[in-house]
Amino acid sequence: MQRLGVFGGTFDPVHVGHLVVAVNARALLRLDRVLLVVANQPWQKSDRLVTAAEDRYALVAAAVGGREGLEASRIEIDRGGVSYTADTLEALVAEGELFLVVGADVANQLLTWERPDVVRRLATVVVVDRPGAPAASPALGAGWRVERVETPHLDVSASDLRRRAAAGLPLDGLVPDAAIRVIRERGLYARA
Ligand code: ATP
């Protein structure tokens, strides 16, 4: 049975911090594949306009490129509607043993997600810590399988990148080159 990493996000836009997490989680946990799952309608981000899902998917596909063991996943886009991780894990569980990769900030919110019991049953939660600064263990309770990995934390966030692009500042080095080309071709993020 293959070991399958599930790394979900809005990826608006994808950045080098995401890639560092994906490749290091794969190496440290010996995952066969890590899926970067692009949220269709992220339920946590309903307070702002999110870039079209197909555009965000194109960015992730370009960023992943031919990197071994990484894949852009459009499973939530093809399902449509609001994206819940529980549904995604149910759809993927036949493919292998599931490892849900989350930043420490996200791990603490897991119990507020839709159907957390499904998440608990179907996946091991992989909490990504900053080297030398492990976050407090998420208060998940009994029955949760949790693994921790340390990966370099790059001080980059999608919201900061959107602000930079809107201000006409370059994204070079912060977003993989292939994804920057897609941003330019499609005229995303205003002045990127
Ligand atoms: P935003 O700034 O818009 O909230 P984001 O950069 O945090 O976006 P998301 O798509 O919301 O990106 O995050 C997807 C996952 O990536 C989450 O689990 C988050 O914790 C993690 N993540 C985001 N940025 C980093 C980073 N610089 N280093 C490590 N993990 C990150």
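The values are calculated or read from the model by the stated rules, or taken from the named source; none is laboratory data. These figures come from a predicted structure and were not determined experimentally. A quick note on method: Cβ atoms are made from the backbone with ideal geometry, for glycine too, and the neighbour counts reach across all protein chains shown. Accessible surface is based on the protein model in full, side chains and every heavy atom, while ligands, DNA and RNA are left aside. Shrake-Rupley method; radii C 1.70, N 1.55, O 1.52, S 1.80 Å.
State in Å² the accessible area per residue of the chain; use a 1.4 Å probe, count heavy atoms of protein chains only, and round to the nearest integer.
On the way: 9180 Å² over 192 residues.
In whole numbers, the chain has 48 Å² accessible per residue.
Compute the signed sum of charges (Lys and Arg +1, Asp and Glu -1) over the other residues within less than 11 Å, Cβ to Cβ, of R56.
-2
Given a Förster distance of 30 angstrom, what is the FRET efficiency for D129 paired with E97, based on the Cβ-Cβ distance and rounded to 0.05?
On the way: r = 22 Å, r/R0 = 0.72.
Plugging the Cβ-Cβ distance into 1/(1 + (r/R0)^6) gives 0.90.
Taking trypsin sites (Lys or Arg not before Pro) as exposed when DSSP calls them loop (any state but H, G, I, E, B) and at most 11 other Cβ atoms lie within 10 Å, what is the longest stretch of the chain free of them, the sites themselves excluded?
Details: sites that count: R30, R48, R191.
The reported range is 49-190.
Under a GNM of the chain (C-alpha, springs under 10 Å), which listed residue has the highest mean-square fluctuation: A179, A142, A39?
Highest fluctuation of the listed residues: A142.
With the chain treated as a Gaussian network of Cα nodes joined by springs under 10 Å, which of V128, V175, V93 yields the largest mean-square fluctuation?
Maximum fluctuation in the GNM of the chain, among the listed residues, is at V93.
Kindly sort S157, S73, S137 by accessible area of their heavy atoms, largest first, with the probe set to 1.4 Å.
Numbers: S157 45, S73 10, S137 85 Å².
Ranked from most to least accessible, the order is S137, S157, S73.
By the gyration tensor of its Cα atoms, with a ≥ b ≥ c the square roots of the eigenvalues, what is the shape of region 8-145: rounded for a/c under 1.5, prolate for a/b over b/c, or oblate? Mind dumping the intermediate values first?
Numbers: a/c = 1.36, a/b = 1.15, b/c = 1.18.
The shape class here is rounded.
Over the chain, what relative contact order in percent results from Cα pairs under 8 Å that are six or more residues apart? It would help to have the intermediate numbers written out before the result.
Numbers: 336 pairs, mean separation 50.6, N = 192.
Result for the chain is 26 percent.
Subtracting the Cα-Cα distance from 0.36 nm times the residue separation, let me have the gained length for D160 to E185 in nm, one decimal. Don't skip to the answer; put the middle values down first.
On the way: separation 25, 0.36 × 25 = 9.00 nm, distance 2.11 nm.
Answer, rounded to one decimal: 6.9 nm.
Filter the GluC sites (Glu not before Pro) in region 75-172 to those in DSSP coil with at most 16 other Cβ atoms within 10 Å of their Cβ, and list the result. Don't skip to the end; give the middle numbers.
Values: sites: E76, E90, E95, E97, E114, E147, E150; in loops: E114.
Counting only loop positions with at most 16 other Cβ atoms within 10 Å, the GluC sites (Glu not before Pro) in region 75-172 are E114.
Based solely on its DSSP helices, what 222 nm [θ] is calculated for the chain when runs of n ≥ 4 H residues each add -39,500 (n - 2.57) and the sum is averaged over all residues, nearest 500 deg cm²/dmol?
Theoretical 222 nm ellipticity from helices: -10000 deg cm²/dmol.
Once the Cβ-Cβ distance between R121 and L169 is put in as r, and R0 is 45 Å, what FRET efficiency do you end up with, to the nearest 0.05? Walk me through the numbers before you get to the answer.
Details: r = 44 Å, r/R0 = 0.98.
Step by step, r from the Cβ atoms, then E = 0.50.
List every residue whose amide H lies under 5 Å from the amide H of E150, counting only residues 5 or more places away in sequence or on a different chain, with H placed 1.01 Å from N in the peptide plane.
Sorted by chain and number, the residues that satisfy this are D129.
Can you pull the percent of region 3-186's accessible area that's carbon plus sulfur, 1.4 Å probe, other chains left in place? Write down the numbers at each step before the final one.
Numbers: 4260 of 8570 Å².
Taking all protein chains in place, region 3-186 shows 50 percent carbon and sulfur surface.
Find the centroid of the Cα atoms in region 51-94 and in region 1-45, then give the distance between the two in whole Å.
Here the two parts' Cα centres lie 9 Å apart.
Can you compute the charge dipole magnitude of region 3-186 about its Cα centre, using +1 on each Lys and Arg Cβ and -1 on each Asp and Glu Cβ, nothing else charged? Give it in debye, rounded to the nearest 20. Before the final figure, lay out the partial values.
Working: 22 positive and 24 negative charges, 30 e Å.
Taking the Cα centre of region 3-186 as origin, the dipole is about 140 debye.
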